[in-house]
Amino acid sequence: MSLDINSYKRRLAEMESQRDTWSAHCQEIVDYILPFRQDIVSPESAPKGAKKMGQIYDSTATHALLLFAAGMASRMANASIPWFKIRTEFEELEDNKEVKIWLEQLERLYNFVFNKSNFYTADHEAYIDSGSFGQSIIYIGEHPRWRVYFDCLNVGECFIACNQYGQIDTLYRRFEMSVKAVAEKFGDNVSPRVTQYLEANKYDQPIMIVHAVEPRQDREPGKKDRQNMPWKSIYFEFDGNHLLGEGGYKEFPYVVSRYFVASGELYGRGPGMVALPHVKELQQKRRDILKAGQKKLSPPLLLPNDGFMGQPIRLTPSGINFINSDGNLQDKIGVFPVAQDLNYEEGDMEATRQSIGRIFFNDLMILAQDKEVTATEFIQVAQEKMQMLGPFLGRLQSERYNPIFDRVFNLLWQAGEIPQPPEVLIRAGGELKIDYISPLAKAQKVSESQGIMQTAGFVGQMAAINPGVLDVIDWDESIRHVAENAGMPQKLIRSADDVAQIREAKQKQMQQEQMIQSVIAGSKTLPALAKGPEPGSPMEGINQALQQGAGNA
């Protein structure tokens, strides 16, 4: 069945119109905060390499954004420190030797792929987009050597839609590719127009391409070819409606993570939007001070005009104005009055700079970049910021990192890179769990543990009045939860079975010690009973009477 390309173009137009307001908002962020990022409103029409700093007179916001991205990347997913741990859903399998070995192999494989591919570069770029636009998009594709590659896309190229559960399941991307790149990717499926460019050696001519990925509605579940996968994939040339390729994916290949989503909205909002009014204010004040400085250095001049007036006043630096001097200037050159104190707004500007820094969590991110600060010290300080940053970290794990782990696992499995799981794990079923153990993730978990520790302290006080309250809390599970949140390695936490065996051994040892003490006490009593009564004591008289009675009998 032939595809109706126009239907895809109509939906693309609808998705674009729904994003217009958000696009205009993001374009201002590009203009005032992130000038080196590709334009949002018309990314394909922006000239490459053009000067884009025309509206920026103070780079505080740009620096604050880059510091936010660097701090998040270094303390959330850093190649130099362990930041994730793979576990199973079943605690009883945690101590199984075969399962442990397989999970360790899987962790090493993930780390190898992340380090050899461009994952950490794309992840850092995604934090720049999340901090500015409140949304980032990463495409995860197949690589012939490393099996996986990551591409952080310009959010201005991508248009999204979600399902009934609020999950992003549709993405249309309109972007440019060179003629050479189109020919390499699609081979003989290119259009006659691209073929003409190739024959004319115009390899760098840009071609507008659309990639549409959405759930497949006409799928035959029994078939496993690309035309029957859960997600449909369509490539076509936008200008000529030429179909370049149709395929599919087993899982959604785009990872769309949002910083914050307002109720009823689809696209994200980020710190850059919050800081934008402060940034505009700072740029205007800085611009005014620069103008005032120019006027102070080269003030407008006043010259006598012998009574001729009427021309407009020139207030630009070194501007010349002719006035009726009434003889006051006496053929001398006068100076137009200008502001002399150029620091009149410096206090307000510094307060604005600090506000922008706080919006981007710069105090926390500066600490994150300090190599002398240990992970424990960072976690203690980060706990204070978790109330503001915590919701973003939770969404980050569910919308970015969890889908990345799922997509990479499936690509590696299809390539035959993942070893066969142990039979006991296959029989148990279930899914793998990703525990995030980066400093920021630990800080979030430690803040969650504070409630447990506060409750434990309160119960300890109440136990002095009523010891029965100790039975209300499952102390074993509480301690395990706090230890895991603090990042204690699993191998250092004893299993429930081990703890039960240790307690049983201690109980038997106590019973044995009690029996030994009883025997010792008994051995001290028996000799005293075997010893005869003391001479002249009442007991001796009773003993003699008993002996005489026995003799008469």
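Read-outs: derived from the displayed coordinates by stated rules, not from any lab. Here the structure is a predicted model, which is why all the values come from computation and not from measurement. Please note: Cβ atoms are built from the backbone with ideal geometry, for glycine as well, and neighbour counts cover all protein chains shown.
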Given labels modelled 7 Å from the Cα in the Cβ direction, how far is it in nm from ILE452 to GLU423? 3.7 nm
Given a Förster distance of 35 Å, report the FRET efficiency between ILE479 and GLU431 from their Cβ-Cβ distance, rounded to the nearest 0.05. 0.85
Nearest-20 debye value, region 94-231 charge dipole, Cβ charges on Lys, Arg, Asp, Glu: 380 debye
Approximate spin-label separation THR21-VAL274, in nm, with each point projected 7 Å along Cα-to-Cβ: 2.1 nm
Would you mind working out the magnitude of the charge dipole of region 5-267 relative to its Cα centre, with +1 at each Lys and Arg C-beta and -1 at each Asp and Glu C-beta, to the nearest 20 Debye? 440 debye
R0 of 60 Å, Cβ-Cβ distance LEU492-ALA262: FRET efficiency to nearest 0.05: 0.90
Highest mean first, how do 139-149, 56-66 rank when packing is the count of other Cβ atoms within 10 Å averaged over residues? 56-66, 139-149
Restricting attention to the alpha-carbon atoms of region 5-267, what are Rg (one decimal) and Dmax (integer), both in Å? 20.9, 66
Could you run the Karplus curve 6.51 cos²θ - 1.76 cosθ + 1.60 with θ = phi - 60° over region 412-428 and give me ³J(HN,Hα) per residue in whole Hz, x for Gly and Pro? 5, 5, 5, 7, x, 8, 8, x, 5, x, x, 4, 5, 6, 5, 5, 5
Mean separation of Cα contacts under 8 Å (6+ apart) over length of region 5-267, as relative contact order %: 17 percent
Please tell me which of these pairs span more than 27 angstrom C-alpha to C-alpha: LYS52/LYS280; LYS52/LYS291; LYS185/LYS223; LYS202/LYS232? LYS202/LYS232
Working from the alpha-carbon coordinates of region 193-263, get Rg over Rh, Rh being the Kirkwood radius. 1.13
About its Cα centre, region 236-277 carries a charge dipole, from +1 on Lys and Arg Cβ atoms and -1 on Asp and Glu Cβ atoms, whose size in debye to the nearest 20 is 320 debye
Listed pairs LYS85/LYS442; LYS97/LYS250; LYS97/LYS433 exceeding 21 Å between Cα atoms: LYS97/LYS250
More than 21 Å apart - percent of Cα-Cα pairs taken over region 139-214: 43 percent
Please state the relative contact order of region 129-257 as a whole percent: Cα pairs under 8 Å, 6+ residues apart? 23 percent
Run the numbers for GLU199 and GLN501: contour at 0.36 nm per residue of separation, minus the present Cα-Cα distance, in nm. 100.9 nm
For the peptides 469-480, 223-234, 121-132, 175-186, what is the packing order when you average, over each peptide's residues, the other Cβ atoms within 10 Å and list the highest mean first? 121-132, 175-186, 223-234, 469-480
7 Å from Cα along Cα→Cβ at both MET208 and MET388: what's the point-to-point distance in nm? 4.2 nm
The long-range amide H neighbours of LEU244, using H built 1.01 Å from N in the peptide plane and a cut-off of under 5 Å, are TYR235, PHE236, GLU237
Of the options ALA161, TYR203, MET229, report the single residue whose Cα projects farthest towards the positive end of the charge dipole of region 137-248 (beta-carbon charges: Lys, Arg +1; Asp, Glu -1). MET229
